[in-house]
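Down below is the structure, laid out as structure tokens.
The values are calculated or read from the model by the stated rules, or taken from the named source; none is laboratory data. Computed from a prediction, not measured in an experiment: that's the story for all the values here. Glycine gets a Cβ as well: all are built from the backbone with ideal geometry, and neighbour counts include every protein chain shown.
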Amino acid sequence: MNQYLLSVYDVEGDGAGAPATPEEMQAFMGRVIALEEEMDRAGAFEFGGALHGPDAATVVRGGTGLDKVTTDGPFVEAKEHIGGFYIINADNLDEALAWAGKVVEAINHDIEVRPFRATGRLQDAPGR
Amino acid sequence: MDDVERAFREAHGPAVATLIRLFGDITLAEDAVQDAFTAAVHRWPQDGVPDNPVGWIVTTARNRAIDAVRRSRRGRELTEQIAADRLRAETSAGPEDPEPMHDDQLRLIFTCCHPAIRVEHQVALTLRLIGGLTPAEVASAFLVSEDTMAKRLVRAKYKIKAAHIPYQVPDQSELPDRLRAVLSVLYLIYNAGADDVGRGHLRAEAVRLTRVLVSLMPDEPESLGLLALFILSDARMPARGDGAHVVLLKDQDRSLWDSALISEGQALVLACMRRQRLGPFQLQAAIQALHCAALRYEDTDWTAIVRFYDRLIAVMPTPVVALNRAVAVAETQGPETGLALLEGVAEELDGFHLLHAARGSLLERLGRPREAADAYHRAAALARTDTDISFLKRRCAELTGDVPAGPPC
């Protein structure tokens, strides 16, 4: 079994497709929860989360022997930034892309799929 | 190309594909097949080319690959006893069939043309792994440096490995889209060879690979259609000039067309028609078959050709199809109608020399030489090959009465 990071990309100033009314929000949440349950039943759901906006980011730079510099983030000034992500289990890229397609459909956002290799204690994460 | 070279090129796809199935690693498979070829170069001249060269290459490559895996394992054993034990267990299990399997090459074709790989990488991988071209040959085929091509191949193989792009034939639900991607790669390879005489061998390569695909998936009519399209285009190649001059379809000496290829292409088109699952490549092949059926340009059945263009544009509504359809309609309904249709795509195709060349030709027929000259002038400025540029400049010069190649054309 392999793991993939599905990064959900937000585009700054592009509210198109985002839930605008409480009813839409409710429908949106319904779709997301249903999808996460589906992933969970299939053994694909590993971990997921949402990020605060890029304005909340802080960058720490420096390396061995260098002074650390802390600056107001984000790391890269761009219109697109990661709004949330999933770590999923999948046999291969085609399977991961199939889940990605469902995520795109549920949340109406473009996503990036990248192979992921856990180095820490992912097994302790919630949702396990 | 001598016998050994041809045997190598034909053995490369099946051998690499089989080795990938056995060992799950493209680079290991490529290296092992390369080693087997080196062994063959030494052995075959003395012992003779074996009856089954592909089988010989696969068996030799498999043994080389096992050696390579063992060598790297032995190194690791010192530090990773446990991992080595597990790997050894895997090797001794080895129930895999070393015989090339029908599906091996097909799996590899679909892996090389996976939509998660960018198109230029798909093309490079296909030529390298299935086609058996050396990295240097692939580089020269796409007019990039060997270094650039090597990096491209490494990146593509890295993506396949890291992202676990599956080594399998897609299931029925995905097959149409995935097959289309494979056919577009073959189409790109063919056109690279058709656009440039110096790279003409790419046409042969595309035809060979398409024949492999057709033999592996004989029930896919679009693959047959693509093969027919290539064959019918190849058939007329001898009449298209030596590369130094453009010879238009209507001016071609049709006795130079290859009648054997035309018969083969037309038979394929008819076989497609009977299946009644006409897709874009089959329709394009049908149009070419009609052109090839006319003994003289005046005998061309333009009504039937327009009918096929109507069906083609319904399934493939691209501006280039609209352009070609407009040119055909000009033959049935007159240049005025054709010109009006061209206006519909003029904006989208403004940077495409053939739009302006077609406009020039229709304006000329309508007795509007000044506008026609302007159109040819614009076409010449946009054309990419020297042959096209000099042809279009000459057309322009003829209309303005200037000395050929003189200003303003």
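In this structure, A:MET39 does not satisfy being assigned to a helix (DSSP H, G or I), away from chain B (no Cβ under 14 Å) and modelled with pLDDT under 95. Restricting A:GLY62, A:GLY101, A:GLY84 to those that are small (Gly, Ala, Ser), out of contact with any Pro (no Cβ under 9 Å at 6 or more places or on another chain) and buried (at least 17 other Cβ atoms within 10 Å of the Cβ) reduces the list to A:GLY84. Just to be sure before I move on: is B:ILE117 touching a residue at least 12 places away in the same chain (Cβ under 8 Å) and part of a loop (DSSP other than H, G, I, E, B) in the structure I sent? Yes, satisfied. So, in segment B:125-138, how many residues would count as being buried (at least 21 other Cβ atoms within 10 Å of the Cβ) and either at the interface with another protein chain (Cβ under 10 Å from one of its Cβ atoms) or over 17 Å from B:PRO14 (Cβ atoms) (or both)? Summing the residues that are buried (at least 21 other Cβ atoms within 10 Å of the Cβ) and either at the interface with another protein chain (Cβ under 10 Å from one of its Cβ atoms) or over 17 Å from B:PRO14 (Cβ atoms) (or both) in segment B:125-138 gives 1. The criterion of at least 1 residues that are within 13 Å of the chain's Cα centre (by Cα) and within 13 Å of chain B (Cβ to nearest Cβ) is met, among strands (runs of 3 or more DSSP E) falling completely within segment A:53-128, by A:80-90, A:111-116. Going residue by residue through segment B:344-354, is there one that turns out to be assigned to a helix (DSSP H, G or I), closer than 19 Å to B:ALA379 by Cβ and under 25 Å from the mean Cα position of the chain (by Cα)? There is at least one residue in segment B:344-354 that is assigned to a helix (DSSP H, G or I), closer than 19 Å to B:ALA379 by Cβ and under 25 Å from the mean Cα position of the chain (by Cα).
All conditions in (1) more than 27 Å from the chain's Cα centre (by Cα); (2) among the aliphatic types (A, V, I, L, M); (3) at pLDDT 95 or above hold for B:LEU323, with the sole exception of (1). Among the conditions (1) surrounded by 16 or more Cβ atoms within 10 Å (Cβ to Cβ); (2) modelled with pLDDT under 90, the only one that B:PRO221 does not satisfy is (2).
Could you tell me whether segment A:11-25 includes any residue that is within 30 Å of B:ALA162 (Cα to Cα) and surrounded by 17 or more Cβ atoms within 10 Å (Cβ to Cβ)? For segment A:11-25, residues within 30 Å of B:ALA162 (Cα to Cα) and surrounded by 17 or more Cβ atoms within 10 Å (Cβ to Cβ): absent. Scan segment B:264-273 and give yes if some residue there is surrounded by 13 or more Cβ atoms within 10 Å (Cβ to Cβ), among the β-branched types (Val, Ile, Thr) and not in a loop (DSSP other than H, G, I, E, B), otherwise no. Taking every residue of segment B:264-273 in turn, at least one turns out to be surrounded by 13 or more Cβ atoms within 10 Å (Cβ to Cβ), among the β-branched types (Val, Ile, Thr) and not in a loop (DSSP other than H, G, I, E, B). One residue stands out in segment B:173-196 among those that are in contact with a helix residue (DSSP H, G or I) (Cβ under 7 Å, 6 or more places away or on another chain) and of a type outside the set (A, V, I, L, M, F, W, C): the one that is nearest to the other protein chains (Cβ to nearest Cβ), namely B:ARG178.
Only one entry in A:ALA118, A:ALA106 is at pLDDT below 95 and closer than 16 Å to A:GLU36 by Cα, namely A:ALA106.
Yes/no matrix, rows are residues, columns are (1) surrounded by fewer than 18 Cβ atoms within 10 Å (Cβ to Cβ); (2) modelled with pLDDT of 90 or more:
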residue: B:GLU174; (1), (2): yes, no
residue: B:THR210; (1), (2): no, yes
residue: B:SER259; (1), (2): yes, yes
residue: B:GLN282; (1), (2): no, yes
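The set of residues from segment B:150-172 being facing chain A (nearest Cβ under 9 Å), in contact (Cβ under 8 Å) with a residue 60 or more places away in the chain and among the aliphatic types (A, V, I, L, M) comprises just one member, B:ILE160.
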